[in-house]
1. Looking only at residues that are small (G, A, S) and touching a Leu at 6+ places or on another chain (Cβ under 7 Å) in the stretch 95-109, which one is nearest to T338 (Cα to Cα)?
2. Residues in the stretch 342-360: is at least one modelled with pLDDT of 95 or more, in a helix (DSSP H, G or I), among the acidic types (D, E) and out of contact with any helix residue (DSSP H, G or I) (no Cβ under 9 Å at 6 or more places or on another chain)?
3. Given the criteria touching a Ser or Thr at 6+ places or on another chain (Cβ under 6 Å), charged (D, E, K, R), in the same structural domain as A152 (by TED's automatic domain parsing) and closer than 11 Å to S258 by Cα, does D289 qualify?
4. Hey, can you tell me all the residues within the stretch 345-371 that are surrounded by 20 or more Cβ atoms within 10 Å (Cβ to Cβ) and of a type in the set (V, I, T)?
5. Helices (runs of 4 or more DSSP H) wholly in the stretch 205-323 with at least 3 residues that are under 24 Å from L176 (Cβ atoms) - which ones?
6. Take L185 and tell me if it is under 16 Å from the mean Cα position of the chain (by Cα), on the phi > 0 side of the Ramachandran plot and not hydroxyl-bearing (S, T, Y).
7. Spot the failing condition for L116; the list is (1) modelled with pLDDT of 95 or more; (2) surrounded by fewer than 21 Cβ atoms within 10 Å (Cβ to Cβ); (3) farther than 25 Å from L209 by Cβ, and only one is missed.
8. Taking the condition of being touching a Lys or Arg at 6+ places or on another chain (Cβ under 8 Å) and either on the phi > 0 side of the Ramachandran plot or among the hydrophobic types (A, V, I, L, M, F, W, C) (or both), how many residues in the stretch 291-307 meet it?
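The values are calculated or read from the model by the stated rules, or taken from the named source; none is laboratory data. Just so you know, these numbers come straight off a predicted model, no measurement behind them. Here the Cβ positions follow ideal geometry from the backbone for every residue, glycine too, while neighbour counts run over all protein chains shown.
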Amino acid sequence: MSVSGAGARPEAGVSSLRWEERPEGPVLVLLDQTRLPLEEVELVCTDVPALVEAIRTLAVRGAPLLGLAGAYGVALAAARGFDVEEAAGMLERSRPTAVNLGHGVRLAVQAYRAGLRADGDGARAAAAALEAARTLHREDAGASARMARRGAELLDELLPGGGGLRILTHCNTGALVSGGEGTALAVVMEVHRAGRLRRLWVDETRPLLQGARLTAYEAARHGMPYSLLTDNAAGSLFSAGEVDAVLIGADRIAADGSTANKIGSYPLAVLAKYHKVPFVVVAPMTTVDPETPDGASIEVEQRAGHEVTDAPSLPGAGGGFAVAPPGTQAYNPAFDVTPPELITAIVTEEGVVSPVTRDALGELRTRSRSGNGMMSA
């Protein structure tokens, strides 16, 4: 893996992931999200082990983007003559909770295998895997736009009156996690463009500060009115009546609607329920996993304790020092699971499920497969 980049360029467009054909061979270029917001630096992956390391260290992250990374990773292995099946296994195991990662890997592998079966030509099979990745990329961008529109329409229904909205969000769900403008943050962008965003409340999102580093970065680039808060300050905002809606993304949605998202999402759902504030999940249909029956069946990734016991290290800003006594044991799940009864609605590109039930999600999946996605209530 090599590194290239420059200082922050807030006026430039962000490309979180792209495929490049270079004289020495194809590469996958990633925006290193661990270096944001202070530096925009790109990582150049020439093989799957480098991509797996980028996924594990969260240089590339976010459910939809992980799906794209998985698909392009398979294409990279095929184009460079590596063992595609081995590469696919490495990619799928790199982060267990995000269902999109495996989905993207399997799509590209299926295209590669079909290409081989057709005429046995490895180059054409590699091209088929790359086309599958590019198709998924285009579909994700389209899904993002449709989720943004559906989510904004839902907020208009839930919160009529035309006034400015105060929306609380957790972790990062914008262009940094998507082939388009994102999931939950894409909805916020739609509200902002309509002149209805009064305030975006950005949870810091401990321990790795994806809200502070990434969501605030995206909000600032787009001129949104936003404020940053520590995760445990959210309760005071709810009690003061300063939150109109909570919008989050998802890494896996079980068949019953249970939703795994960045750790800290479940407490927000409890707060929202108590204070009668809509709690909305925004995610593409690829995040809905019918093979996972319920929340208890979702494998939650456990991350290294040093992410909790040490302060995050940011380039040029210091950090990385211990904040707990030596030998402190840390509990550091990457995600928590919100049960469907705490979720007001799930917004997908194919429709909105509200109330969230197993039957309603199943019906939406059936409609989406038939190309007739509709609002589901």
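1. That would be A98.
2. Yes - at least one qualifying residue is present in the stretch 342-360.
3. Answer is no for this residue.
4. The answer is I346, V347, T348, V352, V353, V356.
5. Passing ranges, in order: 216-221, 265-274, 306-309.
6. Values: under 16 Å from the mean Cα position of the chain (by Cα): yes; on the phi > 0 side of the Ramachandran plot: no; not hydroxyl-bearing (S, T, Y): yes.
Answer is no for this residue.
7. Only one criterion is unmet by L116, namely (1).
8. Here the count works out to 1.
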